[in-house]
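Novice: Have a look at the structure that comes next, please.
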Amino acid sequence: MLDALSARLQRTLARLRSGGRITEAQLDEALREVRLALLEADVHFQVVRDFVAHVRERALGREVLRSLTPGQQVVGIVHEELAALLGGDAEELRSAERGPSVYLLVGSKGSGKTTLAARLGLYLAGRGERPLLVAADLERVAAVEQLQALGAPAGLSVYAEPGEVPAAEIGARALAEARRSGATAVVLDTRGAVELDDDLADELIDLADATDPTEVLIAVDAMSGQSAVDLAREFHDVLEGTGIVVTKVDSDSRGGAVLSVRAVTGLPVKFITTGERIEALEQFHPERFASRVLGMGDVVTLVERAKDAVGEGEAKAVAKRVASGEFDLQDFLDQMQSLKQMGSLAGLLEMMPGMSGMQEQLDERELTRTEAIIRSMTPEERRRPQILNGSRRRRVAAGSGTTPADVNRLLNQFTKAKKLMQAMTGGGRGGGSALRELLRMQQ
């Protein structure tokens, strides 16, 4: 997530933390690096200028430079100012007081609105809503079919009409269908624009008048930089937007859009999308996002994802099996599947404090190889790996496209990890030494 910007900011701030006293000249040099990093990330120049000025003013005004830990305090100020730049507090999605809530999605072409419509529908369904997706983009080829293809596997209903029909009429009839069918939320996918011309503006205004949206969410493509932010401001001026969704945040984009859009439009960022999966819609928390950019991690979001992927009951059951020594390779395989539901490993490392720098060392193919080895075992071998003698290991290696050495390595690692986990959960002696060993292995 914003890898280049994040890495540069972390290097600059690490130099401040590593030293003792900081002079005003050293602070200015560090802030110059921060300014250049933000400008290269395509953050709006006025936003950069104000941000750096606020950090400098606070650092000097509090006599931070004369404190015992000036580096740490400057980093804290940068974090606070970055969170403030991103909006401060998280803002929840609004709901209508009566009747179905209506969410009108608008934005540039290629920003991923159709996929966003399905993602928002799935998000709403997870909150107990009964969403109806509406295909109101009749210009883009196969837009209707794409929405239907995304909605069907997720169990989401899609309203669509054949032929060329004005978007306002589609919206009005879809709203009537939502009331008839008992849907509690309506998500409108609309046609995008490279620039907001009069025809599209009139079409969207008519659609908004026909549906009275609870929220007008403007999709901003993180890969498009300031041009996307400027277009978002135009959409806001015409439709009175209520929130921003920044898409493709996990791409190789420079990140200027997500850092600038709140300051430029005045609208809160309500969601970001990070990944290809339809579940990859994440409520935006400015403080957490700032922590991730600065390499401080985001443990709260990580725990929330784990709860969604595993469930509290299953987590307790696994912990019990670990403590009793019953944890086996089938349990390990099940946990790997749950881990996949939480997103990419690189994204998970980014949420762990101090671990973002390990993303380049990560080889996700190793997990794929591990999964293949376990799947090549019989159910009995997974439950009782101690029965895997030489001939069985050769068979497993052949079935998984690996070598007997790979199988041996996996079994040795599993045995060691199982002992450590059991000791740390209180199921064995030497919990303290086991914890120290685990920490040593992570260094």
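Novice: Kindly establish whether ARG17 is open to solvent by 80 Å² or more (accessible area, probe 1.4 Å), closer than 18 Å to GLY295 by Cα and part of a helix (DSSP H, G or I).
Specialist: Criteria met by ARG17.
Novice: Limited to the stretch 364-398, what total is found for residues that are farther than 15 Å from ASP331 by Cα and free of Cβ contacts under 8 Å to residues at least 24 places away in the same chain?
Specialist: Here the count works out to 16.
Novice: Okay, next question. Which pairs turn up if I take residues in the stretch 206-227 that are at pLDDT below 95 and look for partners that are hydroxyl-bearing (Ser, Thr, Tyr) and open to solvent by 20 Å² or more (accessible area, probe 1.4 Å) with beta carbon separation below 6 Å, at least 6 apart in sequence or on another chain?
Specialist: Filtered contacts from the stretch 206-227: MET223/SER251.
Novice: Got a number for residues in the stretch 195-243 being surrounded by fewer than 18 Cβ atoms within 10 Å (Cβ to Cβ), touching a helix residue (DSSP H, G or I) at 6+ places or on another chain (Cβ under 8 Å) and in a loop (DSSP other than H, G, I, E, B)?
Specialist: 1
Novice: Are any residues in the stretch 126-143 under 26 Å from the mean Cα position of the chain (by Cα) and open to solvent by less than 40 Å² (accessible area, probe 1.4 Å), and if so, which ones?
Specialist: Hits for the stretch 126-143 are PRO131, LEU132, LEU133, VAL134, ALA135, ALA143.
The values are calculated or read from the model by the stated rules, or taken from the named source; none is laboratory data. What you see is a predicted model, and the numbers here were worked out from it, not measured in a lab. Quick reminder, even Gly has a Cβ in these numbers, built from the backbone with ideal geometry, and neighbours come from all protein chains shown. Quick note on the areas: whole protein, heavy atoms, side chains included, nothing else; ligands and nucleic acids left out. Shrake-Rupley method; radii C 1.70, N 1.55, O 1.52, S 1.80 Å.
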